[in-house]
Amino acid sequence: MAGAETVELQSGEASIRLGRGTWHRDLHISETGSQRVVRFQGPDQEVGFIVSADEAERLLRALQLEPVTVSAREPSPTRPSREGPAWPVVTHGTVWSLACAALAFVPWVGPAFAAVSLGLAVHFLMRGRQTLALRHARYMATIAIVWAVLGTAVSVLAAWSSLHPIQLDTSRAPRSPWAAAAAGIFVIVIALSVHEAAHAITAWWLGDDLARSQGRVTLNPLAHLHPFGSLLLPLLLVQAGMSPFGFARPVPVELGNVRRYRRAHILISIAGPGSNLLQAALCMMILVAIGCILPRLAPGVSIRGLSNPHGSVSVTGCMGATAWTAALMMLKLGFEVNVLLAAFNLIPIPPLDGSWVMEHLFPNTLGRFYAWIRPYGFLLFLGLVYADGLLAWLLLPGYVTTGIGYLVLWWSTGI
């Protein structure tokens, strides 16, 4: 087999043919006792079988590859070893608990989401094993409990406010383009940092520590920012009067030794947009809380443009009005930016996250198509950005979601 340009392996009725250029990427060998599991994984299928250690080494020598015997729970020899005796584990219940907690602030229906969140989180903390590997899941469950309690309080307050509305003020507040640009860049930097960190953390949880070894499991913006996508592009969009969004440096992923490769890749891909939706929910919850509490604590306070998506917000009639105005403007931008970032990254066009989701959901059809067009993904991305009206049409779900959010904000505060 040495010197061959392709290799074909067969296991039962399944077979796979791979070219030399993909052997180093698609050949995976893991240990199971004294034997080895040899697995070839292509874009739409995989073939695996169990052999002895000597047979695995002969196979690698025949393919003229370096011997690699990395188990699914051991660090790769090409990367720094991970710290700690246990690989982090996160349960489905804690993820759903945090997702439900994000909706606990919605008027009237929020307590129902909070009850589900509290039930899942408390059940995990009471019944879950207290192992070191599950400490991340315990952190998430604790955050979900705090978020659900706060969200329930905001939901009850918003429901009461909707029965006792304040005069509606839809006037457009003065808008400084430079202040809006600075605020937009700050918000986009935070949103992108959390987005990329979510990708890296999810990959680490699922068994791939490549991003962690490169310092990407962090909220430090310097580890994630892209000079054009994170700074210049949002500035240009704000100056053009459009909602700001951008992109950061992609997180490296190496899932060769991860079980259920396609499922892991889908979860890693949706972790980024999911983190943006959580940030948007947090911003909206704080906006609802401030809009309900501030005018009632100080009756002389006037808030303009809070639920107006086309204008800036302004606060007058109280001490620190400038600081309140800046805080509310940042929260509104944070809500809009994170919703649009989630919608933008879920567009199924390479290299966006939605393309990876579609590729691994439908490996035999769309998977082949995406594997063919992915080398030209950046050109497709530029065409998407510059195509007249196409991007706005694809972002329609994001615009609809922001509209619903502002409707909830008006319904809750009457401002």
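The values are calculated or read from the model by the stated rules, or taken from the named source; none is laboratory data. Note that this is a predicted model, so its numbers are computed, not measured. We place every Cβ from the backbone using ideal geometry, glycine too, and count neighbours over all the protein chains shown.
Residue-level check: of (1) within 23 Å of residue 278 (Cα to Cα); (2) in contact (Cβ under 8 Å) with a residue 24 or more places away in the chain; (3) not assigned by TED's automatic domain parsing to the domain that holds residue 303, residue 358 misses just (2). Checking each residue in the range 275-306 for being farther than 28 Å from residue 346 by Cα and either at pLDDT 90 or above or small (Gly, Ala, Ser) (or both) picks out 289, 291, 298, 300, 302, 305. Against the condition at pLDDT below 85, farther than 17 Å from residue 406 by Cα and in contact with a Lys or Arg (Cβ under 8 Å, 6 or more places away or on another chain), how does residue 320 come out, does it pass? Against the criterion (at pLDDT below 85, farther than 17 Å from residue 406 by Cα and in contact with a Lys or Arg (Cβ under 8 Å, 6 or more places away or on another chain)), residue 320 does not qualify. Could you grab me the full set of residues in the range 286-306 that are crowded, with 22+ Cβ neighbours inside 10 Å and either within 26 Å of the chain's Cα centre (by Cα) or among the β-branched types (Val, Ile, Thr) (or both)? Once the filter is applied, which keeps residues that are crowded, with 22+ Cβ neighbours inside 10 Å and either within 26 Å of the chain's Cα centre (by Cα) or among the β-branched types (Val, Ile, Thr) (or both), the range 286-306 yields 287, 288, 303.
Per-residue answers, yes or no, for (1) of a type in the set (A, V, I, L, M); (2) in a helix (DSSP H, G or I); (3) surrounded by 15 or more Cβ atoms within 10 Å (Cβ to Cβ); (4) at pLDDT 75 or above:
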position	(1), (2), (3), (4)
146	yes, yes, no, yes
160	no, yes, no, yes
202	no, yes, yes, yes
211	yes, yes, yes, yes
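Residues being farther than 30 Å from residue 302 by Cα, at pLDDT below 85 and in contact with a Phe, Trp or Tyr (Cβ under 7 Å, 6 or more places away or on another chain) are represented in the range 351-373 by at least one member.
Scanning the range 366-384 for residues that are free of Cβ contacts under 8 Å to residues at least 24 places away in the same chain and surrounded by 12 or more Cβ atoms within 10 Å (Cβ to Cβ) yields a total of 5.
Here 136, 123 are screened, and the one residue that is within 25 Å of the chain's Cα centre (by Cα), modelled with pLDDT of 80 or more and outside the structural domain of residue 289 (by TED's automatic domain parsing) is 136. Flag set for residue 342, criterion: buried (at least 23 other Cβ atoms within 10 Å of the Cβ) and either within 31 Å of the chain's Cα centre (by Cα) or more than 22 Å from residue 411 (Cα to Cα) (or both).
To keep it simple, each residue is scored yes or no on (1) without any contact (Cβ under 8 Å) to a residue 12 or more places away in the chain; (2) over 30 Å from residue 383 (Cβ atoms); (3) out of contact with any strand residue (DSSP E or B) (no Cβ under 9 Å at 6 or more places or on another chain); (4) not aromatic (Phe, Trp, Tyr).
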{"site": "291", "(1), (2), (3), (4)": "no, yes, no, yes"}
{"site": "305", "(1), (2), (3), (4)": "no, yes, no, yes"}
{"site": "314", "(1), (2), (3), (4)": "no, yes, no, yes"}
{"site": "324", "(1), (2), (3), (4)": "no, yes, no, no"}
{"site": "331", "(1), (2), (3), (4)": "no, yes, yes, yes"}
{"site": "334", "(1), (2), (3), (4)": "no, no, yes, yes"}
{"site": "352", "(1), (2), (3), (4)": "no, no, yes, yes"}
